[in-house]
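Worksheet: the structure to be examined is printed underneath.
The values are calculated or read from the model by the stated rules, or taken from the named source; none is laboratory data. This one's a predicted model, so the numbers in the text were calculated from it and none came from an experiment. Glycine also receives a Cβ, built like all others from the backbone with ideal geometry; neighbour counts cover every protein chain displayed.
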Amino acid sequence: MLDIPSIRLDIEGISTSFRIVNAKKHPLDKKAIRALAEIETHAKVREWDVDIHTEDPNEMNVLFKEFFERLSDDKNQLFLCGKLDDEVVGFLGIHRKSKRMTHIGVVGVIVHPDYWRRGLGTKLLKAGIELARNEGFIRLEADTLAKNRAMIKLAEKSGFQLEGIRKMRFDMNGEYEDEALLALLLE
């Protein structure tokens, strides 16, 4: 498994350490799992996250705990946690498709809104790409709202290509939104 060194960053004039933790190799504690749940259910994240299972942080915390209890034995899941000093600020998950598409990993990247546009998502995605390559994935897919320019830009600068747009894919509070389909071939 990939070992990822910490990186010194200068954020708003303060030197900090950004570390990416492979949760399969280094299990997360309760505090980190709670922080992930709070990030996932943050109001600004929910505006862009089309696959959220619940908006309740407590319910999300339970879902994350159950996920991490199974993670070490699950060959179809990868999970990286981004920590700024010791604070969880983002994460990346990759899950393997099933049946005839086991060579494909579906990627999701989420960074706490307080840390948007600071390069943390890029660092998580690049580490995730390398981990996926080492784990034998051939193709990665990242799907997002077509209006989510930040995610599309992040994916494209990491080598993903826009493959298409699905029209009226999501019902976001009564408004139908399009979905952008992006992919990266790892071979």
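Considering Ile52, Ile39, the condition of being over 19 Å from Arg149 (Cβ atoms), under 16 Å from the mean Cα position of the chain (by Cα) and in a loop (DSSP other than H, G, I, E, B) is satisfied by Ile52 alone.
Flag: Arg118 matches the condition of being touching a residue at least 12 places away in the same chain (Cβ under 8 Å) and either in contact with a Gly (Cβ under 6 Å, 6 or more places away or on another chain) or of a type in the set (D, E, K, R) (or both).
Would you mind stating whether Glu12 is loosely packed, with under 14 Cβ neighbours inside 10 Å, closer than 26 Å to Ala183 by Cα, modelled with pLDDT under 95 and over 14 Å from the mean Cα position of the chain (by Cα)?
On the way: loosely packed, with under 14 Cβ neighbours inside 10 Å: yes; closer than 26 Å to Ala183 by Cα: no; modelled with pLDDT under 95: yes; over 14 Å from the mean Cα position of the chain (by Cα): yes.
No, not satisfied.
From the list Ile94, Ile129, Ile104, the lone residue that is β-branched (Val, Ile, Thr), within 18 Å of Ala23 (Cα to Cα) and out of contact with any helix residue (DSSP H, G or I) (no Cβ under 7 Å at 6 or more places or on another chain) is Ile129. When Lys99 is tested against the conditions (1) within 14 Å of the chain's Cα centre (by Cα); (2) at pLDDT below 95, the lone failure is (1).
With respect to Arg149, is the statement that it is over 14 Å from the mean Cα position of the chain (by Cα), closer than 25 Å to Leu84 by Cα and in contact (Cβ under 8 Å) with a residue 24 or more places away in the chain true? No, not satisfied. For region 97-112, the criterion of a residue being in contact with an Asp or Glu (Cβ under 7 Å, 6 or more places away or on another chain), of a type outside the set (S, T, N, Q) and touching a residue at least 60 places away in the same chain (Cβ under 8 Å) is satisfied by at least one position. In region 48-88, the qualifying residues are those that are under 13 Å from Lys25 (Cα atoms) and among the hydrophobic types (A, V, I, L, M, F, W, C), and the one that is surrounded by the most Cβ atoms within 10 Å (Cβ to Cβ) is Leu78. Out of everything in region 69-88 that is under 22 Å from Leu140 (Cβ atoms) and of a type in the set (A, V, I, L, M, F, W, C), what residue ends up being farthest from the chain's Cα centre (by Cα)? Once the filter is applied, the top-ranked residue is Leu71.
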